[in-house]
Amino acid sequence: MTQHNSHITTYLDYYCNLPDAPGFAVLLKGKWGSGKTWFIKRYCEKLKQQNLKNQKPKPWYANLYRKLRRKNLLKEQKQKCLYVSLNGVNSFSEIDNAFFLQLFPALSSKPIALVGNILAQIIKGTLKVDFNHDGRDDGTISVASPNVNLAEYFTNLEQSILIFDDLERCSLNIANILGYINSFVEHKELKVIIVTDETKLEKNSEYTTIKEKLVGKTFAISLEFDQALENFLKGISNRDASEFLSNSTSLIQDLYNQAQCENLRILKQVVLDFERIFDVLPEKAKNKPELLQEVLKFLTPFSIEIRRGKMLPTDIGRLLEASANMSLKSIGDSRDEFANSNEGKNGDEEKTLKEVISKYPSLKLYDPFPSAVWWQTFFDKGSLDLQELDQSLASSIYFQDENTPKWMKLWHFHHLSDDEFIILLNEVETQYLNRDAEFSDLGILKHVTGLLLYFSDIGLYSKTKEEILTDSKLFIDWLKNNNQSKLASYSVSTYESMFGGYMGLAFQGAKVQEFQDFCTYLEKAQESARIEILPNLMRELLAIMQSDQWKFREIISLNNSYDWGVPGLRYAEIPILKDIKTTEFVESFLQLKFDHQMTIGYAIKERYKFDGNNEKLLEELDWLKSVRDLLLDEVARRKGKPSGHSIQVLIELDLNEAIQKLEATAHRLQQSQNNTAIDN
């Protein structure tokens, strides 16, 4: 036993070894997950080691008992504690059975389960019989003296300690179960230990009244962190993971202290989850203790806060926004009005997320490793996204080499020496001003622009933010003149939309106003570019529909398998279909084989499956209806032919559902506008 609860152990030793029962029970209390059950079961194990002798069986069934023992069907149980969990218990007979089977454990074995059940009921005095095999008791046969029952048998077990766990989760009326327990203490003169989360019972007047008469000593169980972790580590098979966690005990405990958490069940889950993550890491990552420590630093607080209901997995992506609002407020920024309005919008949820961030001052919970999207997927779906994991590892500080992009090394500027920082900053600035082809990737361009603005904002770069914004606009103008398709086909990925980042890294300058101005300028340039090259985009998209239907699906729909990655030719959030002539689309569609038509139909239906995204695509509703009308005309022309029937099926399965989804969005927006008008 650890020092935390040694005083409890000392008292229980005294209580259990009293020559006579003192006439009161001992109560051990603690919150859910604090290790109460773990403590008392270890204490039971300690008492078992003393190997005290049970009293011989009562004379009236001594012969039967001896016969069963000779056949090795029964053995005396030399244990001191009889334990029962009251969780979900709704009858006293359940408790009796649980105790009895601990006295005679062989009766619970499969070969003699039926005999054991009959014997148990013989000892307790009754045998219930199902005459018509309908699963219900049709009658009760008296098979023993009414003066013989299990409780009376306990009277002769002077060395037994009865332990009642999970009192607060018992389905019986609290007064009834406490009265039942009291019968052992007061009338049968047995020693009893009760284990419960008393916070769930304190408001019950019946509990407090009866407890005063029943319980003589109450102890609060303290968290036995070290021993609990050591015990949990025995349950995982990966020795390397176990050794690392054992060496990280102080780190985990420090995070637990910051969280003010006393839940050992969460600790056990952290251990199991870390082993899962460790198993899928590449060998080069397993050999980097600092990387493993970084993973553990985020796994532990996320596990604690999510499992005790302080946040949802989907809130991981919102931590960046919450952190930004906290920063704006703390520095008295001129944009306090924005921060306050945002706080009001999110209400209590925003406040809770800020409280979560404040608990762990040494951690950037809003910018976790491997990445926010990776952790969200892990906790929300329980899956290990290996593609996102590989990308996060590649872009991390832990695997940088001569092939790592300079801007990415600069992103990790905290790990650079002063000289390294100056050299890299100058090199990236030169690339930026020379319109390096690498920066034509708009996600990277956002990163570099954000970095320069951030460095200027904190005094690490000589240019002003206004000068950097001007340079960035000139870069966009250059792209429009030299690589218009890059602007037109780029769309914000789901990762960027939700987490404000790209390639697993958050935009460093996201909180700087000039960065927002840059993003606005970029969006306008994209829209302008799309209008100018729209005919080419339409032809390109129709050509892809003809040649590669699955690629068409990836381009136009939000697809979880692909959309977390690098943005490219994607129109999932751009209402581009409305600009395709419906006659050309239908003509191209009808030229496809039926299985290819099915893929296109499925892609269109999938495009509108997310209600939040449909507001951006609402302009396509009339286009969809027009396409459906043209296809219905074709069905009419092909009446009586298999192809006509096939087109009708696709309309019903895919087009109709897509139209219904957009109509529902339009209706919701209209209702919202109406409500706003009424409020005004």
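So which of 28, 47, 12 is assigned by TED's automatic domain parsing to the domain that holds residue 187, over 26 Å from residue 201 (Cβ atoms) and in contact (Cβ under 8 Å) with a residue 40 or more places away in the chain?
The unique qualifying residue is 47.
Can you pull out every residue in the range 277-290 that is closer than 21 Å to residue 232 by Cα and surrounded by 15 or more Cβ atoms within 10 Å (Cβ to Cβ)?
Within the range 277-290, 277, 278, 286 qualify.
Of all residues in the range 502-524, count the ones that are assigned to a helix (DSSP H, G or I) and buried (at least 19 other Cβ atoms within 10 Å of the Cβ).
4
Restricting to the range 366-408, name every residue that is among the charged types (D, E, K, R) and modelled with pLDDT of 85 or more.
380, 381, 385, 388, 390, 406
One line per residue, one yes/no per condition, for (1) surrounded by 19 or more Cβ atoms within 10 Å (Cβ to Cβ); (2) outside any helix (DSSP H, G or I):
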position: 250; (1), (2): no, no
position: 257; (1), (2): no, no
position: 265; (1), (2): no, no
position: 292; (1), (2): yes, no
position: 310; (1), (2): no, yes
position: 317; (1), (2): yes, no
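Scanning the range 136-189 for residues that are polar (S, T, N, Q) and modelled with pLDDT of 85 or more, which turns out surrounded by the fewest Cβ atoms within 10 Å (Cβ to Cβ)?
Selected residue: 173.
How many of the residues in the range 633-644 are surrounded by 13 or more Cβ atoms within 10 Å (Cβ to Cβ) and either in the same structural domain as residue 554 (by TED's automatic domain parsing) or free of Cβ contacts under 8 Å to residues at least 12 places away in the same chain (or both)?
Qualifying residue count, the range 633-644: 2.
Residue by residue through the range 163-206, note down the ones that are more than 16 Å from residue 95 (Cβ to Cβ), of a type in the set (D, E, K, R) and touching a residue at least 40 places away in the same chain (Cβ under 8 Å).
Listed by number, the residues that qualify are 186, 189, 191, 197, 198.
Of all residues in the range 409-435, count the ones that are over 20 Å from residue 467 (Cα atoms), loosely packed, with under 12 Cβ neighbours inside 10 Å and at pLDDT 90 or above.
Result for the range 409-435: 3.
Quick check on my filter: what residues within the range 26-47 are touching a strand residue (DSSP E or B) at 6+ places or on another chain (Cβ under 8 Å) and among the basic types (Lys, Arg)?
Hits for the range 26-47 are 29, 36, 41.
For the range 26-43, give me the residue count where each residue is surrounded by fewer than 18 Cβ atoms within 10 Å (Cβ to Cβ) and either of a type outside the set (A, V, I, L, M, F, W, C) or modelled with pLDDT of 80 or more (or both).
3
Do you know which residues across the range 240-273 are touching a Phe, Trp or Tyr at 6+ places or on another chain (Cβ under 6 Å) and charged (D, E, K, R)?
268 - this is the single residue of the range 240-273 that is touching a Phe, Trp or Tyr at 6+ places or on another chain (Cβ under 6 Å) and charged (D, E, K, R).
Each row is one residue, and each column tells you yes or no for (1) buried (at least 16 other Cβ atoms within 10 Å of the Cβ); (2) of a type in the set (A, V, I, L, M).
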{"site": "592", "(1), (2)": "no, yes"}
{"site": "604", "(1), (2)": "yes, yes"}
{"site": "613", "(1), (2)": "yes, no"}
{"site": "622", "(1), (2)": "no, no"}
{"site": "631", "(1), (2)": "yes, yes"}
{"site": "656", "(1), (2)": "no, no"}
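Go through the range 576-635 and give me each residue that's within 33 Å of the chain's Cα centre (by Cα) and outside any helix (DSSP H, G or I).
608, 609, 610
Say whether the condition of being surrounded by fewer than 22 Cβ atoms within 10 Å (Cβ to Cβ), closer than 30 Å to residue 577 by Cα and either modelled with pLDDT of 90 or more or not assigned by TED's automatic domain parsing to the domain that holds residue 313 (or both) is met by at least one residue in the range 444-453.
yes
The values are calculated or read from the model by the stated rules, or taken from the named source; none is laboratory data. Computed from a predicted model, the values in this text were never measured in an experiment. Cβ: placed from backbone, ideal geometry, glycine included. Neighbour counts: every protein chain shown.
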